[in-house]
Amino acid sequence: MNAINLRVEAQTSAVHDEVMALTAVVRPILQGLLFALKHEVVEQAGGIENLPLFMLPRAYRAGSGDCGICFEYAVHDAINRKDPLVVERVHDSLSRFCNVPGYDTSSILFGAEKTGALKIIGDPRQLLTENSRLLTGIRAQPPKLIDHISALTTAFRQQAQRELLPSSISGLWKADLFLGNRDTDKWVGTTVKINRNQLEGAPGLRIGIVPAAHGRGDTITVDSSKNLIVCPLPYDGAFMEIFYCAWRIVQYFLAADAKMPPYQHLPIGSHRNVAQHLYERRNFPVLQVIDSLIPIAQPGLIETQQRVENTSTAMGPVEDEVNTLIAPQPLNV
């Protein structure tokens with residue numbers, strides 16, 4: 001694997017344009033909702049790459065876990081786009097608390113899709129190699145992540161398989177992300193919870209990402225009872241505020257049947273501006289809409305290198321060489 005010596009310190013752009021920042025986070029929210037759709041619903045639309053945006057509100061059925069799914073996608077996306085509001089805190093958690101060397105902080109999304117099909121977003125040749133090591137916090141040779149992906153995904157669905165996992169990673173099937181640094185190819189299991197009270201530890205998990213609790217501050221801490229490094233993402237003027245605003249924009253847009261929501265639903269000008277971008281693209285496939293929003297997302301907040309069309313799904317790979325995402329499972333199944 002070629003080392004990428006990208007230093008986190010180089011990504012220091014602040015949120016200087018609300019519309020562009022919201023647009024950047026709306027993209028992974030749309031992606032999360034799209035990949036959470038049931039297989040048969042998407043197939044009726046001719047496959048995931050053909051589902052138009054105006055069909056999303058008709059195919060989507062709201063559930064209690066949807067916001068959490070989109071939070072996972074948004075965190076994953078923000079890390080890989082070097083959003084300084086997120087990646088600096090994650091890098092701090094990795095380097096200071098988990099002793100993960102390197103600078104090119106990245107994320108691999110892990111989970112199981114509601115149909116039971118398994119997948120990982122991205123090209124495996126770029127994400128995992130034979131040298132990708134999993135740091136478990138135990139004094140032992142770090143296991144190779146690529147050797148355990150198949151067993152972990154099976155363990156997510158089959159309880160009997162969980163008993164066959166090595167003790168050091170017996171709870172790693174609960175991971176939502178693998179966080180690490182690509183330049184050193186070292187990774188740690190991570191859980192992401194939109195509800196801080198649902199944060200749970202398990203053997204193999206090292207980091208827990210949650211929204212900062214109001215009044216508690218956003219300091220990275222060690223939770224010895226859960227054996228987790230708790231990395232809260234701050235609110236005011238920061239990532240969580242942007243995420244929740246973007247989430248509401250998408251929800252109001254879907255409730256309006258992919259048309260402009262009533263003024264009383266979105267009275268803030270910047271929010272209506274983002275909804276207008278979606279409305280103007282309602283006849284295009286959702287994946288194309290996500291891609292089309294890249295140029296108007298805030299420069300420096302999220303880099304413009306994602307190609308969402310290169311994504312394997314439960315409906316089959318959009319591109320043959322891509323076979324590595326494992327998508328999350330909603331709670332409303």
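Every number in this text was worked out from the coordinates using simple rules, so none of it is lab data. It should be emphasised that the depicted structure is a prediction, and the values quoted were computed from it without experimental measurement. No Cβ is skipped: glycine too gets one built from the backbone with ideal geometry, and neighbour counts run over all protein chains shown.
What the table shows:
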{"quantity": "Whole-Hz couplings from phi, Karplus 6.51/-1.76/1.60, listed for the stretch 218-229; x for Gly and Pro", "calculated": "10, 6, 5, 10, 9, 9, 5, 5, 9, 6, 10, 8"}
{"quantity": "Contour excess over end-to-end distance, with Cα ends at Arg248 and Asp236 and 0.36 nm allotted per residue", "calculated": "2.7 nm"}
{"quantity": "Under 5 Å, built H, 5+ apart or other chain: amide partners of Thr221", "calculated": "Val230"}
{"quantity": "Amide hydrogen neighbours beyond the local backbone of Ile209, cut-off 5 Å, H modeled", "calculated": "Thr191, Val192, Lys193, Cys231"}
{"quantity": "Packing rank of 82-89, 56-63, where each peptide gets the mean count of other beta carbons within 10 Å, highest leading", "calculated": "82-89, 56-63"}
{"quantity": "Under Karplus coefficients 6.51, -1.76 and 1.60, residue-wise ³J(HN,Hα) of the stretch 84-95 in Hz, glycine/proline x", "calculated": "x, 5, 10, 5, 5, 6, 5, 4, 5, 4, 5, 7"}
{"quantity": "Loop trypsin sites (Lys or Arg not before Pro), the stretch 234-278 (other Cβ atoms within 10 Å of the site Cβ: 15 or fewer; DSSP)", "calculated": "Lys259"}
{"quantity": "Net charge of Cβ neighbours under 15 Å - reference Ile242; Lys, Arg +1; Asp, Glu -1", "calculated": "-3"}
{"quantity": "Antiparallel bridge percentage (DSSP; both residues within the stretch 15-317; nearest 5)", "calculated": "60"}
{"quantity": "Alpha-carbon centroids, the stretch 204-268 and the stretch 55-114: separation in whole Å", "calculated": "11"}
{"quantity": "Label point distance in nm, Asn283-Ser167, each placed 7 Å from Cα along Cα→Cβ", "calculated": "6.4"}
